[in-house]
Every structure is written in structure tokens, then in C-alpha cells.
1. Roughly how big is the chain's charge dipole about its Cα centre, with Cβ charges of +1 (Lys, Arg) and -1 (Asp, Glu), in debye to the nearest 20?
2. Figure the gain on full extension for Asn32 and Lys172 (residue separation times 0.36 nm, minus the Cα-Cα span) and round it to one decimal in nm.
3. Straight distance only, please: which lysines reach the Cα of Lys163 with their own Cα at less than 24 Å, same-chain residues fewer than 8 apart left out?
4. Report the label-to-label distance for Ser119 and Thr102 in nanometres (one decimal), using points 7 Å from each Cα along the Cα→Cβ vector.
5. Compute the helix-to-body angle for 153-163: its Cα long axis versus the longest principal axis of the chain, expressed 0 to 90° and rounded to tens.
6. Taking R0 as 22 Å, what's the FRET efficiency between Asp10 and Leu191 from their Cβ-Cβ distance, rounded to 0.05?
7. Sum -39500 (n - 2.57) across every DSSP H segment of at least 4 residues in the chain, then divide by the residue count to get the 222 nm mean residue ellipticity, nearest 500.
8. Order the peptides 115-121, 186-192, 47-53 from the highest to the lowest mean number of other Cβ atoms within 10 Å of their residues.
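Derivation of every value follows stated rules applied to the coordinates shown; laboratory data play no part. Since the structure is predicted, the reported quantities are computational estimates derived from the model, not experimental observations. Neighbour counts are summed over all protein chains in view; Cβ atoms, including those assigned to glycine, are modelled from backbone coordinates with ideal geometry.
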Amino acid sequence: MPENRNNNADLSIEEKKQLLNIARETITLVVNGKKPKSYTLEAPVFTEKRGAFVTIHKRHDLRGCIGLIRGVRPLLQTIIEMASAAALNDPRFDPVRPDELTDLEIEISVLTPMRRISSVEEITPGEHGLYIENGFYSGLLLPQVAGENGWDRKTFLEHTCRKAGLPMNAWKDSETKIFIFSANVFNDKLLA
């Protein structure tokens, strides 16, 4: 029986496992110079337009992370494209090599729609992700980043500004737009 989808990002355990397996298979294929496969999955959630990120860790160190912040493609297509991009096209890292495949851990974050906030008091670090934009500059940090680093609200805002290429206090600027979102985050531990 599917889990409740009340926050627009919930997936059943089986759906999460399917997405993790597809992400890993996609990464294995593209790293070995092959094209990703096409999949036909029955659950309606896979055809919903969702923002999502695929994060790759190697022995707990970040190895690649790419995503779409808004739902512009069906979730299944987004996961396949972002898994491939995280493995081969994250500009911060060299492409993943075939000899690294057995050491990789996969994490997927399926995002809820973003909501612009009027007060930073609406931000709950560890529960919300942040997207900040000012002019041509923008940056995003996923909800788990604040929790993993033990950041308070101000520190989370400052780091998101820095990720956007803005001064760390740019979140106080009246021209800065701040958006929050939640994410359904799951990783390879589900498959163990």
C-alpha cells in the first residue's frame, strides 16, 4: 500500500528503491560509456513533474551532485538525467571512473514546490532547503545540508548566499528573494 503523499514529495519505500536502482544503473552505464536505459514504471508518481537532485558520495565524501530545482520533467526522466550529470558533468569534480563504481553511495532528494517567504523566521534548518536569488545571482542548498553541518538559520542563510556568489549578508537585502522547500531524501541504506 503506498505511503501517504500529503506533502507532494512522499514516495513509497518500493518507489524509492526503484529510483535508487535506476540512478545506480544509469551511473554505471554512463561511466562505462553507454547510454542510459529507458524504463517503464507503473506508479503515477514517476510521471509527475518534480524537481530532484542526485548526489553521489565516495566513502562519505561528496563526489557529484546535480539537480533540477523545479519540476520541468517527469520525475523518472529527471532522476535518469541528474544521475548521469552528477557522475559525468559536475564542474567541481572529474567524471566518475569505472574503478570507483563499487565505492559510490547514491542519495536522491525529491523536492516539493518552492515557496517564497516574507520572513526568515519561516525557515526551519534541517527541514527546509533554501533558494536565494538577487539579480543574476542564485544559489540553492538542500535541507539536509544545514542538518549535517549543525547550522542555525543565520549560518544557513549565509552559506546559501555564498553559494549564490553573493555577500554572506545579502539575505538582508530587500532585493534578495528567499524561497524555501522541503525534500524527501533517501539513499542506498534503503537497499541494504
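1. Numbers: 25 positive and 26 negative charges, 83 e Å.
Here the size comes out at about 400 debye.
2. Details: separation 140, 0.36 × 140 = 50.40 nm, distance 4.63 nm.
That pair, Asn32 and Lys172, stretches by 45.8 nm at full extension.
3. The qualifying lysines are Lys58, Lys154, Lys172, Lys177.
4. In this crude spin-label approximation the distance works out to 5.5 nm.
5. 70
6. Values: r = 19 Å, r/R0 = 0.85.
So, using R0 = 22 Å, E works out to roughly 0.75.
7. On the way: 4 runs with 51 residues, N = 192.
Helices in the chain give a 222 nm mean residue ellipticity of -8500 deg cm²/dmol.
8. Values: 115-121: 10.9, 186-192: 13.3, 47-53: 20.6.
The peptides rank, most packed first, as 47-53, 186-192, 115-121.
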